[in-house]
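Each value in this text was obtained by applying a stated rule to the coordinates, not by laboratory testing. Note that the structure is a prediction, hence the values are computed from the model and not measured. As a convention, Cβ positions derive from the backbone with ideal geometry for all residues, glycine included, and neighbour counts pool all protein chains shown.
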Amino acid sequence: MLKQSPAKFLIIASLLLLQACSNHQSVIDTKPATLTAAPEKKHILKAKVTHQQPPKKILAKTIDSWQYLASLFSLTHIDNAHIQRQIKWFLKHPRTLESIQKNAEPYLYDIINQVQAKGLPAEFALLPAIESGFKARAYSHAGASGLWQFIAATGKHYGLKQNKWYDGRRDIHASTHAATTYLKDLHRINKDWLLALASYNLGQGNLNRAIRRNKKRHKPTDFWSLKLPKETRLYVPKLLALAKIFAQPKKYGISLYAIPYQASFARVKVNSQLKLSTAAKLSNQSLADFKLLNPAFNKSHTPKKAYDLLIPIDNMQSFAENLNRDFPKHKSQWLKNNQPQKTLYAFAEKKAITPTVEFIKPPSDYYTVKNGESLWLIARRLDLHSKDIAQWSHINLTQPLRLGQRLRISPPSTNTLTTIKYTVRFGDSLFNISEKFKIKLTDLHKWNTGKLNNPLTTGQQLTLKIAANP
């Protein structure tokens, strides 16, 4: 028997004790910057101009969230009768597809960003549709809660606080951070994304038993070969089916709601207790709309200790000004009269807010990455598509950029060809590779005679001849 390192053993042991979801039914984050009480109004207005008001022409050019998400999919090449049955089910229930889209709208941008940041398949951004229908207050009979349907033990293990005031499993941002971390851990253990999904639904201990059964019988141990409970057998195909539908809505005869791919809310740290109704008024929202972004609070008041609120981007300015002006007269009855008044509020962290950018004319065929820039932001600045820049620069669309990295921002010359070695990534197919590099399938076969597996193997190297840089 191979020895396991203590660190890996601890991870596996922890996950065996935890189960997240339906078998019970189901950027680098920084702390928000703080402003002290009663800041000067001109400081607030400056923050608004700098960070909170993207130009109208940017909004007009903003890409659609569903289109952007579909462009990142890496598992849609997987197809079988199980997936096709689930596609038929969804198409017979169009109201379910409509409900998923409507419920996802306030949360989708944040979920996509966190899924990308963890290096998960983009299809995993749709997992809340399977778990909860994108309903943040969903609660199962087995005690699973929130968008990602965490049970209490798993939620605590991944840092989601649960007390009489607050349930982190229903916190939009925090639960997404926990779920994406959990899924990444499960992939580290199982070395397979479909098995990671199965474990998320079934629990790692139950999955291990199914794998051991197959090993004893000398059977394959991939997801499709395992004997699993019916719910888990349907769970993975459901997600893959939904991704296929969202990737090709016209093919399946459905319409997707247009959801701009831009931040809809910002996180604000508040160090004083408030009534939820007061917080809603201060941010110029109805109580129902306020709770849509802040479903984690269990009572009519926020906690006594510091906590985060999610406030719509467009309401941030008025919330800051109203809180600063009116907080004393709206002070919660839970606060003691002699309690010293500390920091009243903090502005949203800058990374959560859509930055102000202007289109500029590219000075050359290349662009040098600056601090804090992403491929998507650069594409917006240059009025280009991020997929094109990734293709011209021969990088993965979700690959983090390095400070000082040079990106090609115009199509390379097609006069000459250069030979390169391409390493097959998880989810690659010959068709995807030919599309990515604008080469013919017949040429791929000719350049790699006798080397092509069906399907391709992750890590396999292929010879490609592509347009050379001038």
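For segment 158-169, in order, what is each residue's ³J(HN,Hα) by Karplus, 6.51 cos²θ - 1.76 cosθ + 1.60 with θ = phi - 60°, in whole Hz (x at glycine and Pro)?
Working through the residues one at a time gives 9, x, 8, 5, 9, 8, 5, 8, 8, 10, x, 5 Hz.
Tell me which residues come under 5 Å, amide H to amide H, from TRP165 once H is placed; ignore anything under 5 positions away on its chain.
none
Okay, which of segment 102-134 sit inside 18 Å, backbone N to the point 7 Å along the Cα-Cβ direction of HIS93?
102-104, 126-134
Which links in LYS102/LYS164; LYS102/LYS299; LYS164/LYS305 stretch past 19 Å when you go from one Cα to the other? Could the numbers behind the result be given before it?
Values: LYS102/LYS164 30 Å; LYS102/LYS299 26 Å; LYS164/LYS305 13 Å.
Long pairs (Cα-Cα over 19 Å): LYS102/LYS164; LYS102/LYS299.
Sorted from largest down, give the three principal axis spans of the alpha carbons of segment 366-408, whole angstrom values.
21, 19, 18
So, in nm, how far is label ALA117 from label ILE420 when the simple model puts each one 7 Å beyond its Cα toward the Cβ?
Placing both labels 7 Å beyond Cα along the Cβ direction yields 2.9 nm.
Which order do the peptides 230-237, 144-151, 81-88 come out in when sorted by mean C-beta neighbours inside 10 angstrom, highest first? Write out the running numbers ahead of the final one.
Details: 230-237: 19.0, 144-151: 28.0, 81-88: 15.2.
In descending order of packing, they fall as 144-151, 230-237, 81-88.
With the crude spin-label approximation of a point 7 Å out along Cα→Cβ, what separation in nm comes out for SER410 versus SER434?
3.0
At 0.36 nm per residue, and after removing the present C-alpha to C-alpha distance, how many nm does the segment from ASN271 to LEU441 gain when stretched out fully? Provide the component values of the computation, followed by the final result.
Values: separation 170, 0.36 × 170 = 61.20 nm, distance 5.97 nm.
Gain in length upon complete extension: 55.2 nm.
Quick one: of LYS156/LYS304; LYS184/LYS215; LYS238/LYS269; LYS244/LYS387, which pairs are farther than 27 Å apart, Cα to Cα? Write out the running numbers ahead of the final one.
Working: LYS156/LYS304 20 Å; LYS184/LYS215 24 Å; LYS238/LYS269 37 Å; LYS244/LYS387 19 Å.
As for pairs spanning more than 27 Å Cα to Cα, those are LYS238/LYS269.
Mind scanning LYS88/LYS135; LYS118/LYS291; LYS191/LYS227 and naming the pairs with a C-alpha gap bigger than 21 Å?
Values: LYS88/LYS135 23 Å; LYS118/LYS291 27 Å; LYS191/LYS227 19 Å.
Table pairs above 21 Å Cα-Cα are LYS88/LYS135; LYS118/LYS291.
Given segment 117-162, what whole percent of its Cα pairs are spread farther than 14 Å?
Pairs farther apart than 14 Å: 54 percent.
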